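The values are calculated or read from the model by the stated rules, or taken from the named source; none is laboratory data. Since this is a predicted model, take the numbers as computed values, not measurements. Neighbour counts are summed over all protein chains in view; Cβ atoms, including those assigned to glycine, are modelled from backbone coordinates with ideal geometry. These area figures cover heavy atoms from the full protein model, side chains too; ligands, DNA and RNA do not enter into them. Shrake-Rupley method; radii C 1.70, N 1.55, O 1.52, S 1.80 Å.
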Amino acid sequence: MSLALAKNTEEDLWTILEQMSLRDKIGQLRQVDGSGGRADQSLLGAIREGRVGSVINVVDPVLVNELQQIALEESPCGIPLVFARDVIHGFKTIFPIPLGQAATWNTDLAKEAARLAASEAYAAGIRWTFAPMIDVSRDPRWGRIAESFGEDPLLNAVFGRAMIEGFQGEDLAALGSIAACAKHFVGYGDSESGIDYSSTNVSEFELRNVHLEPFREAVAAGVASVMSSLSDVDGIPATAHRELIRGVLRDEWGFAGLVVSDWDSVKQLTVHGITADDREAAYQAAEARIDIEMTSDAYENHLEDLVSAGEIGVDTIDAMVMSVLTLKKNIGLFDVPYTPKDYKLGVSESAATDCAHRQASESFVLLKNDNAVLPIDRKEIDSICLVGPMADQPQEQLGTWVFDGDSGLSVTPLKAFQDTLHKDCEVVFERGLETTRSSCGELAEVAVEKASCCDVVLAIIGEEAILSGEAHCRANINLPGDQVEFVRRLKATGKTVIVIILSGRPLTIGNILPHADAVLFALHPGTMTGPAICDLIFGHTSPSGKLPFTLPKSVGQIPIYYSKKNGGRPATHDSIMSIDDIPAGAEQTSFGMTAFHLDDGFEPLFPFGFGLSYANFEYSDLTILSNELTQGGKLKVSVRVGNIGLKDAYEVVQLYVRDRVGSITRPVRELKAFEKILIPAGQVRDVRFSLSRADFSFYRRCREYGVEPGAFDLWVGGSSLADLHVAFEIDA
Ligand code: NOJ
């Protein structure tokens, strides 16, 4: 068969399929790990024999083309291979980790970053990425919260869409576009105890209304592929979850793309204990309609036999192969199978670093700024002391899952301050602690000594990249090592101490707040961390990040998220008491009889959506302009936001809703819309929101989606504690 004749229509794909043997077809369903490269003779042999359809982890464009040539010219059907890679938050140029991208609340930037990452990856031969990860993540102990967009379904949905649009571009077949993959379907973010790969136990309503929502949006956005999760969902491992993959994803939502398993997750069905052996694992995964088995070989070894035995129909295999061929057609692989040698990135390197810089700047969340110590007026200081284990770490600031990231491009905080201040202000540097996990010793003493001689101290601390990400979960989410003690000693010098935390997850940082005049919190901001910090410290930009998660006081508060249910006895400030107030020998009684912890109350350290600015914003005039929801129209809302500060600044205007009475209990608040706007100092802006019935629809007790008529509350403000309120109704 000559693929040169393929014309790239669906009919052509059927023609190809008709000419394939069962072995050829099974080959297309297999993805192999190519990290062994040229030396891996079994890989070359398998490609030659047509027993491989895609390859993960080859990022050398020359090798990509060599392997492609074998597939095209020597394999029985000459079908091109698709090369895949985890391009999570950048390729060579690294953007903030996805959790940090969510902290920008700027989806345009996420789309731009994904487009640039796609372009860099394409130049290396990559045509398919396993991103975005849109697992709603409500447990900061889970290392992979770094890869998510945080705790909120809407944030995961809109950032997922932005990344998909960025990776895939307007034309998926164009040079520089790569296929996206929404992962991990589904519920992976709810792993018990925040431990990777553990089980997920989630109610049907929570699964539908929280965890599935971002995937529904990804399908609507035209995502080319979906990856099944490694975990089990209510007793059924996701990779064998026929009801969710065939049922919800394909039949209910009409997803026509490709589903890939996660790494070895087909074989692992037997480890889960849902299948007895690889043969049964292959059967269950294929029946669930997992099209490609990533890295393990259950399909390779057993599908043929399962078909011969009549246990799996050829039509199922054909549907799986068609998914693979369709993906290859859609990404233009039949037309452009080789990575063009002269393919320039399509963008200059500076476009990528410029985007990385802007995105990093917008991702910092200002949590504390006593006496407006920030921004610092450069003219007022003669020396600045940078200390801390994260102040000059080109690799660590990139964050997790950056296999191809070029740390040579990194501009560290130390480098940025030295470049910016070399003439007019002395920059003193002392690491203080070897790593974030070190104890205070001689290094710390020297750092404190040096700090005491400078005008301002910047302590750049946090977590190294390796402490978050896949399989890197923590039982405690405190600042590791002696970092708090180190900062306490710095503060004891009497100097102004600015703490900058670079982390892969939310951390319990309550114990450092008393020792810091100001705190900037960032999620590993990537290549341009240094310049972003420099700009923020000197006020070239005002912090505009907002927390995409609830920052807990302690691990014991987890799970803690803003969109909780009210319960029958919600806590109020008057209804709680502290463990310290309980007299010795107190008689059994129920303090306040409401829902709180004796030792940590009911409120977090900082709420979802929170973040200070160098400006101050005043919200007023919240008005329902029109309500046509009952007639199937829109709810139009307007709010006035004034910048009453002295600096131009961005504000994230957030709109929350509560459905007062439902057939199932409804969250106390749900984010329904947001808008990030620049408001010059002293000016006001009117922000308008337009919501449709779909925004109020949810999976109801009757097991159908829909809006339930009745009274709703609506708040607009700068965090999930927004208190500007208006009520409205939707009639039957
Ligand atoms: C396992 C991870 O769970 C998944 O997210 C990733 O895409 C694959 N490995 C491939 O690296």
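Could you calculate the contour length gain from Ala39 to Ala351, that is, 0.36 nm times the residue separation minus the distance between their Cα atoms, to one decimal place in nm?
Working: separation 312, 0.36 × 312 = 112.32 nm, distance 3.62 nm.
Between Ala39 and Ala351, full extension yields an extra 108.7 nm.
Relative contact order of the chain, please, whole-number percent, based on alpha carbon pairs below 8 angstrom and at least 6 residues apart. Intermediate results must be reported in sequence, preceding the final value.
Working: 1800 pairs, mean separation 89.3, N = 732.
The normalised contact order for the chain reaches 12 percent.
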### Check: segment 154-211 dipole with +1 on Lys, Arg Cβ and -1 on Asp, Glu Cβ, in debye
60
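Can you give the charge dipole size of segment 467-510 about its Cα centre, rounded to the nearest 20 debye, using +1 on the beta carbon of Lys and Arg and -1 on the beta carbon of Asp and Glu?
On the way: 6 positive and 3 negative charges, 45 e Å.
Dipole of segment 467-510, to the nearest 20 debye: 220 debye.
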### Summary
Rounded to the nearest 10 degrees, the helix 349-363 long axis (Cα) sits at an angle to the longest Cα principal axis of the chain of 50
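Charges at C-beta only: +1 for Lys and Arg, -1 for Asp and Glu. How large is the resulting dipole of the chain about its Cα centre, in Debye rounded to 20? Numbers along the way, then the final one.
Numbers: 65 positive and 103 negative charges, 248 e Å.
The dipole of the chain has a size of about 1200 debye.
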### Query
Considering only Gly189, Ala681, Ile501, whose Cα is most displaced toward the positive end of the charge dipole of the chain, charges sitting on Cβ of Lys, Arg (+1) and Asp, Glu (-1)?
Ala681
## Note on the structure
By the rule of no other cysteine beta carbon under 4.7 Å, the lone cysteines of the chain are Cys77, Cys181, Cys355, Cys425, Cys440, Cys453, Cys473, Cys534, Cys702
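At 0.692 mPa s and 37 °C, plugging the Kirkwood radius over alpha-carbon pairs of segment 679-732 into Stokes-Einstein gives what diffusion coefficient in µm²/s? Don't jump to the answer; show the numbers that get you there.
Details: Rh = 13.9 Å.
Estimated via Stokes-Einstein, D reaches 237 µm²/s.
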### Summary
Percent relative contact order for segment 596-732, counting Cα pairs under 8 Å at least six residues apart, stands at 27
### Query
Relative to the longest principal Cα axis of the chain, at what angle does helix 442-451 sit, 0 to 90 degrees, rounded to 10?
60
### Residue (of Asn476, Ile466, Cys534) at the positive-pole extreme of segment 351-537, dipole from beta-carbon charges
Asn476
## Note on the structure
Among Met320, Ala121, Val62, the residue whose Cα sits farthest towards the positive end of the charge dipole of the chain (+1 at Cβ of Lys and Arg, -1 at Cβ of Asp and Glu, taken about the Cα centre) is Ala121
### Task
Report Tyr343's accessible area, 1.4 Å probe, all protein chains in place, as a number in Å² to the nearest 10.
40
### Summary
Between the modelled labels at Asp648 and Leu598 (7 Å from Cα along Cα→Cβ) the distance in nm is 5.5
### Query
Once the whole set of protein chains is in place, how much accessible area is left on Tyr299, using a 1.4 Å probe, in Å² to the nearest 10?
0
### Query
Using only the Cα atoms, what convex hull volume per residue in Å³ does segment 322-435 have?
192
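Stretch Arg701-Asp731 to full length: gain in nm at 0.36 nm per residue minus the Cα-Cα span? Numbers along the way, then the final one.
Numbers: separation 30, 0.36 × 30 = 10.80 nm, distance 1.88 nm.
Between Arg701 and Asp731, full extension yields an extra 8.9 nm.
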### Task
Evaluate the distance, in nm, between pseudo-label points positioned 7 Å from the Cα of Leu678 and of Asn616 along their respective Cα→Cβ axes.
2.4
### Query
How many lysine pairs in segment 351-537, separated by 8 or more positions in sequence or lying on different chains, have Cα atoms less than 18 Å apart?
7
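Show me 679-685, 418-424, 363-369 ranked by packing, highest mean number of other Cβ atoms within 10 Å first.
The densest-packed peptide leads the list: 363-369, 679-685, 418-424.
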### Task
Determine the calculated [θ] at 222 nm for the chain from helices alone, applying -39500 (n - 2.57) to every DSSP H run no shorter than 4 residues and normalising by the residue count; nearest 500 deg cm²/dmol.
-7500 deg cm²/dmol
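Dividing the convex hull volume of the alpha carbon atoms of the chain by its residue count, what do you get in Å³ per residue? All intermediate terms of the calculation are to be shown ahead of the outcome.
Values: hull volume 130.9 nm³, N = 732.
Taking the convex hull of the Cα positions in the chain, it is 179 Å³ per residue.
From the convex hull of the Cα coordinates of segment 271-364, what is the mean projected area in square nanometres? Don't jump to the answer; show the numbers that get you there.
Working: hull surface 43.5 nm².
For segment 271-364, the mean projected area of the Cα convex hull comes to 10.9 nm².
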### Task
Wrap a convex hull around the Cα atoms of segment 64-220, take a quarter of its surface area, and give that in square nanometres.
10.4
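Give the relative contact order (percent, whole number) for segment 23-170; include only Cα pairs under 8 Å separated by 6+ residues.
Details: 256 pairs, mean separation 30.9, N = 148.
21 percent.
Given the convex hull of the Cα atoms of segment 200-259, what is a quarter of its surface area in nm²?
Dividing the Cα hull surface by four gives the mean projection, 3.7 nm².
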## Note on the structure
Using alpha carbon centers only, segment 332-408 is separated from segment 486-512 by a whole-angstrom value of 22
#### Entry: Zero-based 10 Å bins, Cα pair distances in segment 617-730, whole percents
14, 44, 28, 11, 3, 0
### Message
Can you give me the angle between helix 314-330 and the longest principal axis of the chain, using Cα atoms only, in degrees from 0 to 90, rounded to the nearest 10?
### Response
60
### Message
At a 10 angstrom cut-off on C-beta neighbours, averaged per residue, how do the peptides 352-359, 627-634, 406-413 rank from highest to lowest?
### Response
352-359, 406-413, 627-634
#### Entry: Convex hull per residue volume in Å³, alpha carbons only, for segment 417-503
99
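For the ranges 718-730, 142-154, what's the packing order if you count other beta-carbon atoms within 10 Å of each residue, average per peptide, and put the highest first? Let's see the in-between values first.
Working: 718-730: 16.0, 142-154: 27.3.
Result, highest mean first: 142-154, 718-730.
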## Note on the structure
Using alpha carbon centers only, segment 674-720 is separated from segment 544-576 by a whole-angstrom value of 20
### Query
By what distance, in whole Å, do the Cα atoms of segment 534-688 stretch along each of the three principal axes, largest value first?
59, 51, 23
### Query
For the modelled label position 7 Å from the Cα of Ser193 along Cα-to-Cβ, which residues of segment 533-569 have backbone nitrogen atoms closer than 17 Å?
555-559
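In the calculated pair distance distribution of segment 351-537, what percentage of Cα-Cα distances lie above 29 Å? Please list the in-between numbers first.
Values: 2423 of 17391 pairs.
Cα-Cα pairs of segment 351-537 separated by over 29 Å account for 14 percent.
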